[in-house]
Amino acid sequence: MKKFLLEILIFSFILILTIKGIKSTVPFYWGNKLMEQKIEYLESSDSKYDTYFIGSSKTFRHIDPILFEKITGTPAFNLGCSGMFALETEYMLDNFLSKESFKNTKDIYVQNTDYMIIGEQNRHTLRVNYYMDTKRLVRGVNYFIGQREYSQAYYHLVAFIENQLCIGQISEIIDYKQKDKRNLMKMVADQNGFYSLEQDLKIGKSKQLENRHNRYLKSVENNTYTKRKAKDIRLVELNKGELGIDTKGTKIWQIQNNPIADPKYYFDRGHYNLEGAKKYTKQLAHLVKKLNESKKQ
């Protein structure tokens with residue numbers, strides 16, 4: 001019996017070492033294709049940035065870093081990616097700030113995102129488990145237990161186990177290592193990571209995106225769209241404890257509130273069009289400029 005248990009222990013140890021070795025061959029961002037392209041673009045670029053924006057599509061599609069720089073004088077890059085909610089954002093920040101190439105980052109602006117509920121269609125997928133390390137597991141489980149959503153706490157635990165054991169990931173890792181890497185799309189690169197839905201529709205000509213846009217326009221025409229209340233943008237500085245990460249001396253700001261109510265600035269019910277993104281960026285940039293000027297006085 002002792003020999004059998006010892007053999008199991010040795011086998012488990014070898015298995016864990018093998019899995020760790022396999023996972024060490026891919027970078028931390030490997031499960032998010034757009035983030036992969038953005039970070040690899042940054043690492044190969046001669047341009048240097050003091051400021052980054054990170055969050056879901058409401059960062060990616062809403063904040064124009066070039067316009068932000070024109071107003072504030074601060075070189076900035078948009079690291080937003082569609083579908084990137086709180087835990088993945090925290091994971092990205094944690095690892096991003098640990099990289100030597102980004103150690104001089106002064107400010108990062110984080111979208112006020114919620115903890116993502118793992119839907120049935122997304123369980124066991126790479127996109128919801130590749131970032132589920134111990135820190136994200138603890139934060140996610142504690143959050144959903146606090147919300148009494150015990151099934152979500154369980155789904156996060158399953159995602160963590162799948163990630164640690166590389167369940168369903170081996171073929172994905174092999175594919176990642178063997179395939180030709182796609183460069184960051186020229187327009188996204190030229191706009192420092194920003195890409196509005198309006199531009200996406202014009203260039204990509206996605207039927208799904210077109211239908212989404214047309215449904216919204218029809219709801220505005222019929223006066224059945226969701227009416228909003230505008231609230232001035234607020235910036236709240238987050239401390240280490242709130243994010244659960246070491247900020248490495250970089251200031252992390254959470255962007256709060258939606259400052260635009262007028263439906264003409266929207267592409268669909270949840271996202272601005274290009275004109276709306278410019279308006280939003282200007283408001284954010286002027287607030288940042290004002291805060292920076294007040295520090296100098």
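All of (1) out of contact with any His (no Cβ under 8 Å at 6 or more places or on another chain); (2) at pLDDT 95 or above; (3) outside any loop (DSSP other than H, G, I, E, B) hold for GLY276 with one exception: (1). Taken over region 192-203, residues that are surrounded by 13 or more Cβ atoms within 10 Å (Cβ to Cβ) and either in contact with a Gly (Cβ under 6 Å, 6 or more places away or on another chain) or part of a helix (DSSP H, G or I) (or both) amount to 5. Among residues of region 279-297 being among the polar types (S, T, N, Q) and either in a helix (DSSP H, G or I) or modelled with pLDDT of 95 or more (or both), the one that is farthest from the chain's Cα centre (by Cα) is SER294.
The set of residues from region 126-150 being among the β-branched types (Val, Ile, Thr) and buried (at least 16 other Cβ atoms within 10 Å of the Cβ) comprises VAL128, VAL141. Which ones in region 235-268 are over 20 Å from the mean Cα position of the chain (by Cα), farther than 20 Å from TYR49 by Cβ and free of Cβ contacts under 8 Å to residues at least 60 places away in the same chain? Residues satisfying the conditions are PRO259, ILE260, ALA261, ASP262, PRO263, LYS264, TYR265, TYR266.
Every residue, every condition in (1) in contact with a Phe, Trp or Tyr (Cβ under 6 Å, 6 or more places away or on another chain); (2) surrounded by 12 or more Cβ atoms within 10 Å (Cβ to Cβ); (3) at pLDDT 90 or above, yes or no:
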{"site": "GLY241", "(1), (2), (3)": "no, no, no"}
{"site": "LYS248", "(1), (2), (3)": "no, yes, no"}
{"site": "PRO263", "(1), (2), (3)": "yes, yes, yes"}
{"site": "ASP268", "(1), (2), (3)": "yes, yes, yes"}
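The values are calculated or read from the model by the stated rules, or taken from the named source; none is laboratory data. Remember, it's a predicted structure, so these values are computed and weren't measured experimentally. For neighbour counting, all protein chains shown are included, and Cβ atoms are generated from backbone atoms with ideal geometry for every residue, glycine included.
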